[in-house]
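The values are calculated or read from the model by the stated rules, or taken from the named source; none is laboratory data. Everything numeric here is computed off the predicted structure, so don't read it as measured data. Reconstructed Cβ throughout: ideal geometry from the backbone, glycine too, with neighbour counts over all protein chains shown. The accessibility values were calculated without ligands, DNA or RNA, using every heavy atom of the protein model including side chains. Shrake-Rupley method; radii C 1.70, N 1.55, O 1.52, S 1.80 Å.
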Amino acid sequence: MSNVQDQIDKIEAEMARTQKNKATNYHLGTLKAKLAKLRSELLNGPGGKSAGSKDAGRGFDVTKSGDTRIGLVGFPSVGKSTLLTTLTGTRSEAAAYEFTTLTCIPGTMKYKGARIQVLDLPGIIEGAAEGKGRGRQVISTARTCNLILVVLDAGKPLTHKKIIEAELFSFGIRINQVPPNIKIVKKEAGGIGYQEMTPQTKGMNAEVCRMVLKEFKISCAEVILREDVTVDQFIDVIEGNRAYIPVLYVFNKIDSITIEELDILDQMPNYVPISSRDEWNLDELMEEIWNKCNMLRIYTKPKGQIPDYDEPVILHSAKNPTVEEFCNRIHKSLMNSFSHAWVWGRSAKHQPQRVGKDHELMDEDVVQIVKKAG
Ligand SMILES: Nc1nc2c(ncn2[C@@H]2O[C@H](COP(=O)(O)OP(=O)(O)OP(=O)(O)O)[C@@H](O)[C@H]2O)c(=O)[nH]1
C-alpha cells in the first residue's frame, strides 16, 4: 500500500517539476496515465478494477435506505456534525447500524416527500492529511452518493476547497462534470485509429493518445473524440470506473464573517452560504440539494383509489424518465406484466392519457399501471 503511495508521490512531484509546453506534453500524458493506474491500484487493490466499476453507470440507482443519498465532506470542525443534526434532527439508530463498519454517521431527512439519507464521511480528509489509510469502504460509499456537500468554514482559507477537490479526484470521483463524449473501441488488430470530431485544444492529439493507450497496454483500438477533452478525461474513459457526482459547496459559519467577505464568496458557482448554528439559509440549501439531485416525484395511483401523495416514487435523472424506468424502479419484474399506463399531470396531453412504456414522465405526474390480462 505505502509502496504504491510512494510511487504516486514521486510521479506527482515529477509532474510538478515538469514545465508545461509542447515538448513535455507527451511525457506528461504518460505520467498522468501511470498516476491513474496507481490510484486505481490504491483504491481497488493490485490489478483490481472492480470496486467502483459497478456503480459507474448509475442512473436510476436505488439507494439502500432512502431515495437519495448525500455525503458530507469537510475538514474537522467546519460544522459537519452540527449541520447533520440540524438537517436530520435526531440520528436514526437503525441507519447507524448499517454503517457501523464505515464510521459514517447517517441521518435521514424528508423533503418534498423524498427520504434523503445524509452521511458524514469523516475518513476522507483525515486520510488526505496522513497521505494514506483512507477507508476504502468510506470511499466506495462516497462514490454511491447522489450528491456531495463539501462543507467549508467561511472564515477559513479557500485552499481547503482545493485540497478536498484533489482528494475526491484521486478517488475517481468527478465533480460537477458529465462523462466526456469519447468513444474507444478495442480491436484485435489494426493499430490505433484516432479521429477528432472537434479540434482539440486541451492537450490531446494522435501521439498523446497512442502513448497513453500504450501505458494501458492497448495497442489496437478506434478512438473518436466527439468534443474538446483533456488528457485526464481521456484516461477517465479508458479506466471506465469514474463516478460523476454533483457537488455543492456549503460555506458554513457565515454568522462570523462580514458582508463584504460574503459578497466575495457569492461569486462562486454551486455555492450556498449558511449558518448551521443560527439556522440561516437552510431553506435555500434544501432547495439547492433538491435541484442538484435531479429528483422527480411520481405518484402512484392504484385503480379506483386516490393517488398516494405522501409517498412518491423518487427517480433521479437529468432527463425525463420513461414509464419503463418508473416501473423498473418499483419492481424489476413489473415490466413483464406491463400492458399500458394512465398518466395524469404535466406530461399528459389530456387527463388522463393512455401511454406505452416509452412515454416520458415529468415531476409530480400521477401514474396508474395496467397489467396484461391473464
Ligand atoms: N459560529 C458558528 N459556529 C458553528 C457553526 N456550526 C458549527 N459551529 C461550531 O463549530 C465547532 C465544530 O462544529 P462540529 O459540528 O463539531 O464540526 P465537525 O465538522 O463535525 O467537526 P469534526 O467532528 O471535528 O469533524 C463547534 O464548536 C460548533 O459549535 C455556525 O454556523 N456558526
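Among the conditions (1) away from the ligand (no atom under 16 Å from the Cβ); (2) open to solvent by 20 Å² or more (accessible area, probe 1.4 Å); (3) in the same structural domain as Lys80 (by TED's automatic domain parsing), Leu262 misses just one, which is (1). Among the residues of segment 244-259, those that are within 14 Å of the ligand (Cβ to nearest atom) and not in a helix (DSSP H, G or I) comprise Val250, Phe251, Asn252, Lys253, Ile257, Thr258. Of the strands (runs of 3 or more DSSP E) lying entirely inside segment 85-200, those carrying at least 2 residues that are over 28 Å from Met286 (Cβ atoms) and at pLDDT 85 or above are 182-186, 192-196. Among the residues that make up segment 173-186, is at least one of them more than 30 Å from Gly74 (Cα to Cα), among the charged types (D, E, K, R) and more than 16 Å from the ligand (Cβ to nearest atom)? The answer is yes, given that some residue of segment 173-186 is more than 30 Å from Gly74 (Cα to Cα), among the charged types (D, E, K, R) and more than 16 Å from the ligand (Cβ to nearest atom).
Does Glu364 meet the test of being charged (D, E, K, R), within 28 Å of Leu147 (Cβ to Cβ) and open to solvent by 80 Å² or more (accessible area, probe 1.4 Å)? Yes: the conditions hold for Glu364.
Of the residues making up segment 195-249, just one is aliphatic (A, V, I, L, M), in contact (Cβ under 8 Å) with a residue 40 or more places away in the chain and open to solvent by 50 Å² or more (accessible area, probe 1.4 Å), namely Met211. Scanning segment 13-24 for residues that are exposed (fewer than 13 other Cβ atoms within 10 Å of the Cβ) and not in a loop (DSSP other than H, G, I, E, B) yields Ala13, Ala16, Arg17, Lys22, Ala23. Glu287 fulfils the conditions (1) outside the structural domain of Val150 (by TED's automatic domain parsing); (2) of a type in the set (D, E, K, R); (3) within 24 Å of Ile116 (Cβ to Cβ); (4) free of Cβ contacts under 8 Å to residues at least 24 places away in the same chain except for a single criterion, (1).
Does Lys303 qualify as being closer than 28 Å to Asn270 by Cα, modelled with pLDDT under 95 and outside the structural domain of Asn270 (by TED's automatic domain parsing)?
no
Considered as a group, the residues in segment 265-284 that are open to solvent by 70 Å² or more (accessible area, probe 1.4 Å) and part of a loop (DSSP other than H, G, I, E, B) include one that is farthest from Ile116 (Cα to Cα), and that residue is Gln267.
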